[in-house]
Amino acid sequence: MNPVLAQIRGQLPNETASFGLLVRGKVIEGKRPAYIQAARFAQEAARKESGNIFYRFFWDPRDPLQFVLLEAWQDFGALVAHFESSHFLQLAQEAQSLTEGPPTIDVLLEL
């Protein structure tokens, strides 16, 4: 299993619970336009995925290179399918040359 998926799964009560993710990262100076293009493509495709509840990128108004991705999934299987999708794989590949390293990911559970 993908190590990021394993880390997320380890924080879930079970594989059928819905959950959210708070993803934060930083874009390399001068790469923001390319990152915006890649993120918008992935965002549009991810929102059409079965099992996706919410998927949207934001910028920190105090730091225009700091991005935040909020996403919510119906269950763990939906996230696994997302990680296998062509648009996710493309964004992950492009992000390697556009960001300052891997993002931080916080798992969010419903109340």
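Derivation of every value follows stated rules applied to the coordinates shown; laboratory data play no part. This structure is a prediction, so every number in the text was calculated from the model and none was measured. Methodologically, a virtual Cβ is constructed for each residue, glycine included, from the backbone with ideal geometry; neighbour enumeration extends over all protein chains shown.
Summary of computed values
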{"quantity": "Residue in the stretch 15-27 that is loosely packed, with under 14 Cβ neighbours inside 10 Å, of a type outside the set (Lys, Arg) and part of a helix (DSSP H, G or I) present", "calculated": "no"}
{"quantity": "Subset of the stretch 82-111 that is in contact (Cβ under 8 Å) with a residue 40 or more places away in the chain, touching a helix residue (DSSP H, G or I) at 6+ places or on another chain (Cβ under 9 Å) and of a type in the set (A, V, I, L, M, F, W, C) - its residue that is nearest to GLU29 (Cα to Cα)", "calculated": "LEU98"}
{"quantity": "Residue check, LEU12 surrounded by 14 or more Cβ atoms within 10 Å (Cβ to Cβ) and part of a helix (DSSP H, G or I)", "calculated": "no"}
{"quantity": "Any hit, the stretch 38-59, residues being polar (S, T, N, Q), assigned to a loop (DSSP other than H, G, I, E, B) and over 18 Å from PRO3 (Cα atoms)", "calculated": "yes"}
{"quantity": "Count of residues meeting criterion [of a type in the set (Phe, Trp, Tyr), more than 21 Å from GLY10 (Cβ to Cβ) and either surrounded by 17 or more Cβ atoms within 10 Å (Cβ to Cβ) or touching a helix residue (DSSP H, G or I) at 6+ places or on another chain (Cβ under 7 Å) (or both)] in the stretch 44-78", "calculated": "3"}
{"quantity": "Of all residues making up the stretch 75-111, the number that are on the phi > 0 side of the Ramachandran plot and out of contact with any Gly (no Cβ under 9 Å at 6 or more places or on another chain)", "calculated": "0"}
{"quantity": "One residue from ARG62, ARG40 being without any contact (Cβ under 8 Å) to a residue 12 or more places away in the chain and basic (Lys, Arg)", "calculated": "ARG62"}
